[in-house]
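Notes follow once the structure below has been shown.
The values are calculated or read from the model by the stated rules, or taken from the named source; none is laboratory data. For clarity, every value in this text was computed on a predicted model and none was experimentally measured. Here the Cβ positions follow ideal geometry from the backbone for every residue, glycine too, while neighbour counts run over all protein chains shown.
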Amino acid sequence: MKPRSQFDQDGGSVLAGAMDRQSVHRLASLLSSLSANDAVRQREGAVYASRNVLELCPALVDAWRTERLIRLLVGVLGAEVGLVRGLYFDKPPQQTWALPWHKDLTIAVREPIEVDGYSKPRLRAGVWHCEPPVEVLQAMLTLRIHLDDVTEENGPLEVLPGSHRTGKTLKIDDFQPRSVLVNAGDVFAMRPLLAHCSGRSREGTQRHRRVLHLEFAGMPTLPGGHDWHTFHSVM
């Protein structure tokens with residue numbers, strides 16, 4: 001199945017072995033350097049979430065690049081695709097957390113201006129965020145790069161395949177959930193409008209669940225007057 005038709009049907013797909021062991025180790029090493037500030041969340045010394053990792057660790061702008069991932073992005077979003085935001089998540093042993101069903105509806109923008117079709121910008125960890133028109137979200141793709149094996153033990157992502165076709169509306173009962181079980185180095189590529197949730201790790205687990213979450217857009221210029229907070233061209 002071609003990349004575009006795969007995402008049109010399910011809204012997400014696993015790319016097995018998209019990152020080799022050396023690349024995974026390098027990403028893990030870069031992310032381990034994150035320091036405590038307003039964009040990093042920690043509990044008992046363990047970083048479990050970080051916004052704006054592209055600013056905190058500029059090497060991440062290019063460290064994800066492989067021919068396979070670039071080919072996927074261009075095939076789905078077109079030749080003008082760019083990297084617009086990066087986040088990091090972990091579920092450290094004994095510091096687990098969960099998220100309810102949701103869709104990723106916000107983007108990072110440069111200034112707090114009010115534009116028709118966008119929600120009022122709000123400051124998150126020093127960066128302005130707002131909800132754009134649905135056509136912007138439909139022109140985006142997220143790569144979730146897994147640095148650890150993910151099993152039912154360490155709180156995997158669950159998705160509702162096909163739910164991206166309902167736009168911003170969150171419908172749960174109409175779709176069958178699927179757990180995203182992967183190996184370290186696998187990448188889950190997903191539309192931001194794909195409904196997803198995440199449960200807690202099982203008690204007693206020693207597994208981390210580290211994910212580098214990178215968001216890409218097929219439009220360098222946002223409609224209406226907003227600008228991306230950052231836009232790193234892939235090509």
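Quick check: is even one residue across the range 158-180 buried (at least 18 other Cβ atoms within 10 Å of the Cβ), assigned to a strand (DSSP E or B) and touching a Ser or Thr at 6+ places or on another chain (Cβ under 6 Å)?
So far as the range 158-180 goes, no, none of its residues is buried (at least 18 other Cβ atoms within 10 Å of the Cβ), assigned to a strand (DSSP E or B) and touching a Ser or Thr at 6+ places or on another chain (Cβ under 6 Å).
Matching residues to (1) under 18 Å from the mean Cα position of the chain (by Cα); (2) at pLDDT 95 or above:
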position: 189; (1), (2): yes, yes
position: 209; (1), (2): yes, no
position: 217; (1), (2): yes, yes
position: 222; (1), (2): no, yes
position: 230; (1), (2): yes, yes
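Find the helices (runs of 4 or more DSSP H) located wholly in the range 1-65 whose residues include 2 or more that are at pLDDT below 80 and out of contact with any His (no Cβ under 6 Å at 6 or more places or on another chain), and list them.
By residue number, 3-9.
Confirm whether residue 117 is at positive phi, touching a residue at least 60 places away in the same chain (Cβ under 8 Å) and outside any strand (DSSP E or B).
Against the criterion (at positive phi, touching a residue at least 60 places away in the same chain (Cβ under 8 Å) and outside any strand (DSSP E or B)), residue 117 qualifies.
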